[in-house]
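One structure is given below, represented as structure tokens, and several questions about it will come after.
The values are calculated or read from the model by the stated rules, or taken from the named source; none is laboratory data. Quick caveat: nothing in here was measured; it's all calculated off a predicted structure. Ideal geometry is used to build each Cβ from the backbone, glycine not excepted, and the neighbour counts take in all protein chains shown.
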């Protein structure tokens, strides 16, 4: 028992002031190990031993059995018990609660003892220790460590100007404020769970002690570069140490303490992981959608590359794409885009669904196709079969100009429930295929029409307005009024055209 001002030994004194510095004291200001101190009656020297939690007498006021006088613990003369050294009388004390010790010594000892011996830390922290003292320890710990590791970054940031320093300083102090707020929420949550699940030994102050004095492992998250990878280890250590400390401080079972300290971190973990998984799934689905749309669309129009080249090599394009279907150059399913909702039941050729085309007798197919060809206008510009509009009419098949479109993927709106088309694929005269986001397709169509006009060809209509069985013909002057079919989206995503040469 030493003076908290000058460290002078205060044993065997009747006076309540330090002989060295004159500072007042009371025995109740100190904590002792149980039964390690003799409390002697100031009237008759009758000895008593402290059996209370802090090594104090219980009760503190009573009638002396030796002289019958009323005595109080703070009036008594104190000496170490027989065979007990002065050092052994000292109770375990939380270093942070010893104000007469140096700040750095108290802080260093507390940051190591708290997470390494959480149960001891709670036993050595007085129940009436101010919670604000524990809050201050947690806040100053993160502030000191944060400054140590942010200082080099701030120094390097200064080379980039005060703006960089301001941003980094804002990040640092923002992180510190977020830590304090999150810690407060954790204290409230943990104590609330404890109260909901049963009785507690102490109030919310003891919960503050448990969570604040074990916080030092969490400083790993502040380490530049390493924190993002290994910070979770320090946080997990803190949660475990806090659970042990809480069980000791509130005298509850480990399961209750674990449930209390794990409630908020568990919810946060589930939310973070869940949002991460949702983000990954969303990104994956978006990439798959784009990949499928891109690869499917360019693959779909690419199916017409070989049969059209073969037809052009013979000196003439097909008057109608149904000719290639009938001679076996292409399958009925090839007229349905991979990603559309169209089926071969929706696609008709001369009033016959493509799904039933090959069930017709050869002479029936021949007569049906002949009727289709006979109905084709002489000045046709584009005709549709299924999800594709064919625009090779009028283009020289032997020596076609490069860059002209001969096939456009524009899904047939006759399907019962047609989904939005996000990309429009085209097949060029040179055999290459290109893919455009739907929202920029009108601009691409305008550029294509300017090329066609420069070559003396009539312009193309919006392919989505071309109907099966009603080919588009060249208007007077070769110009079409721009028109979009009602209900079709004009902006359904995508930013950049993609080509598949």
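Pick from 420, 402: which is over 20 Å from residue 322 (Cβ atoms) and under 42 Å from the mean Cα position of the chain (by Cα)?
Working: 402 fails: under 42 Å from the mean Cα position of the chain (by Cα).
Exactly one of 420, 402 is over 20 Å from residue 322 (Cβ atoms) and under 42 Å from the mean Cα position of the chain (by Cα), namely 420.
Follow-up question, since we're still on this one. Run down 76, 122 and say which single residue is buried (at least 18 other Cβ atoms within 10 Å of the Cβ), at negative phi, out of contact with any helix residue (DSSP H, G or I) (no Cβ under 6 Å at 6 or more places or on another chain) and in contact (Cβ under 8 Å) with a residue 40 or more places away in the chain.
On the way: 122 fails: out of contact with any helix residue (DSSP H, G or I) (no Cβ under 6 Å at 6 or more places or on another chain).
Criteria check complete, one pass: 76.
Which condition from (1) at pLDDT 90 or above; (2) surrounded by fewer than 15 Cβ atoms within 10 Å (Cβ to Cβ); (3) part of a loop (DSSP other than H, G, I, E, B) is the one that residue 485 breaks?
That leaves (1) as the condition not met.
Separate question: Cβ contacts < 6 Å: first residue touching a residue at least 40 places away in the same chain (Cβ under 8 Å), restricted to segment 354-375; second residue part of a helix (DSSP H, G or I) and surrounded by 13 or more Cβ atoms within 10 Å (Cβ to Cβ), any location; separation 6+ or different chain. Result?
Within 6 Å, the pairs are 369/322; 369/326; 372/322.
Now, a different point. Which ones in segment 187-210 are surrounded by 21 or more Cβ atoms within 10 Å (Cβ to Cβ) and touching a residue at least 60 places away in the same chain (Cβ under 8 Å)?
Correct list: 190, 191, 194, 206, 208, 209, 210.
Also, I was wondering about something else. Out of (1) touching a helix residue (DSSP H, G or I) at 6+ places or on another chain (Cβ under 8 Å); (2) in a loop (DSSP other than H, G, I, E, B); (3) within 18 Å of residue 28 (Cβ to Cβ), the odd one out for residue 101 is which?
(3)
With the requirement that a residue be closer than 18 Å to residue 126 by Cβ and touching a residue at least 60 places away in the same chain (Cβ under 8 Å), what does segment 1-52 give you?
Listed by number, the residues that qualify are 1, 4, 31.
Take residue 28 and tell me if it is closer than 24 Å to residue 134 by Cα, over 50 Å from the mean Cα position of the chain (by Cα) and assigned to a helix (DSSP H, G or I).
On the way: closer than 24 Å to residue 134 by Cα: yes; over 50 Å from the mean Cα position of the chain (by Cα): yes; assigned to a helix (DSSP H, G or I): yes.
Criteria met by residue 28.
Listed here are the residues, each with its yes/no results for (1) part of a strand (DSSP E or B); (2) surrounded by fewer than 16 Cβ atoms within 10 Å (Cβ to Cβ); (3) more than 51 Å from the chain's Cα centre (by Cα).
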| residue | (1), (2), (3) |
| --- | --- |
| 34 | no, yes, yes |
| 43 | no, yes, yes |
| 55 | no, no, yes |
| 68 | no, yes, yes |
| 85 | no, yes, yes |
| 96 | no, no, no |
